[in-house]
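Following: one structure in structure tokens, then a few remarks.
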Ligand code: PLP
């Protein structure tokens, strides 16, 4: 059939690339896929693995990212979501029903804490918070309706490291308990929680996986295909799926994850050691320092300390304000895991919703500064921090 120009503006032949393979993942920005055969379209509905139908069900660029992250984490499949919170709420929303019980670490990311509190208040899910440092505490918290054990490999901002193997072992005899581990800070290059007995691993891809402060995304990785299918079905209804362009940028960012992290781990350790020796700093929180309370677990479980550290400045909040005003290279903002170095005062920002007592219990003081180390020259980073610390201690 030959068509008139108006029809041809919307129906034009696709470029055929058969015989050539693009080196980089193509960006399939389209949200819908065309079928020639009605039976093929009918068959493609209702399965996460089949032909692509509609972008909320799956998209080739997004699927490439899911397959890549699942491979890195050692899972069977993954689901990419519109943000890290999208992954968290889609997974919790799938696993939990009214009246169920969750055991969660008490130092979780604030958004996760808020999501659990919301589930508790509005859906009658009960939550027991534990330190995450003692498997016996988890064992004692178990109830008949416990369905989820929720952990983070490295916590924000004090970098506590829980023993994922020991904690998952404490619920190993309960097939009805799913262990969910947020691995955002460690990334699959420093720790693979599925190898330590976890069932689902979560990421805010916004952070280290993307790495360049230009996307918002999340990924959930599954040990088991049946759970992946349930979560995928839930995501069809709730719709927090990842945009293909964000998936494409994440895939591009992930190509340098290893290089970035190697540099970030090296620089974070040097900065942690120098900060620990500075008279204006009372404590440094970094897992690869022998003074860190979880140093032994970190050495066993992580292949590097990560790019995030925190330190306590003498002089509390006023000294922190001076330091934050004085830094010239480090950028003051609420994110982390970037190629650039970021600083933050958790007590007045990310953890402001906690009471002072709860903050103190989480190890966060008025003088705590969080540092997400980038890939800049280490001497420039230290010069910047040192001059800011010196100003903070003069005031
Ligand atoms: N998990 C952790 C450990 C985080 O730090 C964050 C955000 O900072 C999230 C999840 C939520 O991710 P997003 O901001 O991509 O929704």
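The values are calculated or read from the model by the stated rules, or taken from the named source; none is laboratory data. Everything numeric in this text was worked out from a predicted model, so none of it was measured. Neighbour counts are summed over all protein chains in view; Cβ atoms, including those assigned to glycine, are modelled from backbone coordinates with ideal geometry.
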Residue ID - nearest to residue 112 (Cα to Cα), chosen from residues in the stretch 339-361 that are in contact (Cβ under 8 Å) with a residue 60 or more places away in the chain and surrounded by 21 or more Cβ atoms within 10 Å (Cβ to Cβ): 351
Residue in the stretch 231-239 that is within 16 Å of the ligand (Cβ to nearest atom), in contact with a strand residue (DSSP E or B) (Cβ under 8 Å, 6 or more places away or on another chain), within 19 Å of residue 155 (Cα to Cα) and assigned to a helix (DSSP H, G or I) present: no
Selected residue [at pLDDT 95 or above and on the phi > 0 side of the Ramachandran plot] from 213, 169, 186: 213
Answer residue from the stretch 107-143, given it is loosely packed, with under 15 Cβ neighbours inside 10 Å and in a loop (DSSP other than H, G, I, E, B) and is nearest to the ligand (Cβ to nearest atom) among those: 131
Residue list for the stretch 338-359, restricted to those being closer than 21 Å to residue 84 by Cα, in a loop (DSSP other than H, G, I, E, B), modelled with pLDDT of 95 or more and touching a helix residue (DSSP H, G or I) at 6+ places or on another chain (Cβ under 8 Å): 339, 341
Selection count where residues are away from the ligand (no atom under 15 Å from the Cβ), outside any loop (DSSP other than H, G, I, E, B) and free of Cβ contacts under 8 Å to residues at least 40 places away in the same chain, scope the stretch 160-217: 5
Residues of the stretch 68-106 satisfying the condition of being surrounded by fewer than 21 Cβ atoms within 10 Å (Cβ to Cβ) and within 16 Å of the ligand (Cβ to nearest atom): 82, 83, 85, 93, 106
Subset of the stretch 105-127 (residues that are touching a residue at least 24 places away in the same chain (Cβ under 8 Å) and within 15 Å of residue 358 (Cα to Cα)): 105, 106, 107, 108, 109, 110, 114
Enumeration of residues in the stretch 251-294 that are in contact with a strand residue (DSSP E or B) (Cβ under 6 Å, 6 or more places away or on another chain) and within 22 Å of residue 153 (Cα to Cα): 268, 272, 283, 284, 285, 286, 287, 294
Residue 239 vs. criteria in contact (Cβ under 8 Å) with a residue 12 or more places away in the chain, under 22 Å from the mean Cα position of the chain (by Cα) and exposed (fewer than 15 other Cβ atoms within 10 Å of the Cβ): yes
Residue 212 being over 17 Å from the mean Cα position of the chain (by Cα) and within 27 Å of residue 372 (Cα to Cα): no
Tally, over the stretch 24-47, of residues that are at pLDDT 90 or above, assigned to a loop (DSSP other than H, G, I, E, B) and closer than 23 Å to residue 78 by Cβ: 9
